[in-house]
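In what follows, a structure is listed as structure tokens, so that the remarks can point back to it.
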Amino acid sequence: MRIQDWFLTTEERGNPATELEPWSSGNDVRPLVHGATYFAELNARLERLGKDDLLLFADWRGDPDERLTPDGPSVGAAMSAAAERGALVRGLIWRSHLDLLRFSSAENRHLGEAIEAAGGQALLDTRTRTGGSHHQKFVILRHDREPEEDVAFVGGIDLCHSRRDDATHLGDPQAAPMPGVYGPRPPWHDVQLSLHGPAVAQVEEVFCERWEDPAPETRAPLRRLRDHFGHLDDAPPLPRPGPPPPRAGNHHVQLLRTYPAMRRGYPFAPDGERSIARAYSKVLARARSLVYLEDQYLWSTDVIEPFAHALEREPGLRMIVVVPRHPDQDGWLAGPASLIGRADALRRLSQAGGDRVAIYDLENHQGTPVYVHAKVCVVDDVWASVGSDNVNLRSWTYDSELSCAVLDEEEDPRAPEGALRFARDLRLTLMAEHLDWPADRLDELCDPATAFQAFARSAAALETWHTSGRTGPRPEGRLRPHPAPHLSYAKKQMALPLYRIAVDPDGRPRDLRRSGGF
């Protein structure tokens, strides 16, 4: 296998202004499935930071009171304690829209103020296109005297309420507002990656590019004045990055991003960057057996086209998708718009792949729907990606996003020739949880056709149990067939002219005609 057959080359990234290397090798990458797993490891790592160590983070939303473990500490307390011990703490938090639209402006400001009070610095960053967001979610810990301990966490998990759930999917006691169907403690499914090795320095480069952007973090005069008096507008220079951490494993890592094209462009991406979209297009052109996707949204026919083309090209290709049963309502149009966008996407996939495409959602053992927030894709058990990006037009063109693609040097001895261990193990781990299968049955899922049928049988059995009045023992598994959206109902919920507007995850409208190509 040649790395460049699956990863983008420098030219294919399409952003000559960045200093980011095309990929790094010699990394150790571990998936952290569930927020509770991630938060516990993050907490243990933060406790070990000391004088002259470095903590850098970027987030879409941060709740300073969110506990990292059941007994604490909170996100704000853990980061502040690191700063008080002498670690250099710097953060980039999206300056969100007003809380009257149910976003996170106040929470992000509070986290920034907590870190500032302890001697760190967190900027509330609005250097995006109008209506856009900084959606990247990553943390970097570098050690002044122990570079082998350096680690970066990259993925889809925000440092905020509702994320600290585990495999039981009983929800985070500190819950964020969600539709009532998810209950008082919404079950939450999510994934983050832990990176050791040279890739840590590349994630640091992503942070440095944004931090050193000379544009003011906001152009609104009143916000700039408030930030000045709150000491949230000071961006002191970062220390010169040290050498990359030493080799830690056998994984190749490519960082993929989205940055929008703007009139006042980013110095590191003056024409924007769409390497996430480009990577999907390249990888899906090679897909032959199975595309496994977990995604929060799955809408926009523009974004679905590379998947549809792959299904039309390869008659043996199957596709499994896991999405939330019900949309969130983080915005005034998100529910109806997501139903319309998903209906269009599912119709296109069905047209391309027929019964080779299967869409599922999840519930916990109490029958409460699980909100799928994960952003995971595995193609042919070779290429795997985990990041902040959703399969929608906004994540591929408009917001800032960061995703991590992984290849490794080891073929999986349990699998047909060509499969790689990391991608295979990630898929098997996720599928086994959704099926309620123990670890000693994982080998049964190695064959793509067998895995496809296992999902279908499990979902059908659980659906039959529900439709028959839940009589008798509940079948094992958490999968339900995802119902086709009622498109006519969704359109009635919103004015027809608004159907021409792309309404993203958080309800922020954007004219599709201005989106441009990938």
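In the full protein context, region 377-423 carries 22 Å² of accessible surface per residue, based on a 1.4 Å probe and ignoring ligands, DNA and RNA. Here region 336-388 is treated as an ellipsoid with the same Cα gyration tensor; its semi-axes, largest first and in whole Å, are 20, 19, 13. Which loop-located GluC sites (Glu not before Pro) does region 1-60 contain, where loop means any DSSP state but H, G, I, E or B and the Cβ has at most 11 other Cβ atoms within 10 Å? Filter output for region 1-60: GLU19. Tally up the carbon and sulfur contribution to the accessible surface of region 1-157 as a whole percent, 1.4 Å probe, everything protein left in place. Carbon and sulfur atoms account for 49 percent of the accessible area of region 1-157. GLU312 sits with roughly 100 Å² accessible to a 1.4 Å probe, with DNA, RNA and ligands left out of the calculation.
Ranking ASP63, ASP436 by solvent-accessible area of protein heavy atoms (1.4 Å probe, all protein chains present), from largest to smallest, gives ASP436, ASP63.
Here the 3J(HN,Hα) profile of region 425-441, calculated from phi with Karplus coefficients 6.51, -1.76 and 1.60 at θ = phi - 60°, is 5, 4, 4, 5, 4, 5, 5, 4, 4, 5, 8, 6, 8, x, 4, 6, 10 Hz, Gly and Pro shown as x. With all protein chains in place and ligands, DNA and RNA left out, the 1.4 Å accessible area ranks SER350, SER80 as SER350, SER80, largest first. ILE115 sits with roughly 0 Å² accessible to a 1.4 Å probe, with DNA, RNA and ligands left out of the calculation. Ranked from largest to smallest solvent-accessible area, with a 1.4 Å probe on the protein heavy atoms, SER25, SER403 come out as SER25, SER403. For ALA460, put the label point 7 Å out on the Cα→Cβ axis and report which residues of region 355-370 keep their amide N under 20 Å from it. Correct set: 355-363. Computed with every protein chain present, the accessible area of TRP437 is close to 40 Å² [probe 1.4 Å].
The values are calculated or read from the model by the stated rules, or taken from the named source; none is laboratory data. Quick caveat, the model's predicted, so the values are computed rather than measured. Virtual Cβ from ideal backbone geometry, glycine too; neighbours counted across all protein chains shown. Note: areas computed on protein heavy atoms with side chains; ligands, DNA, RNA excluded. Shrake-Rupley method; radii C 1.70, N 1.55, O 1.52, S 1.80 Å.
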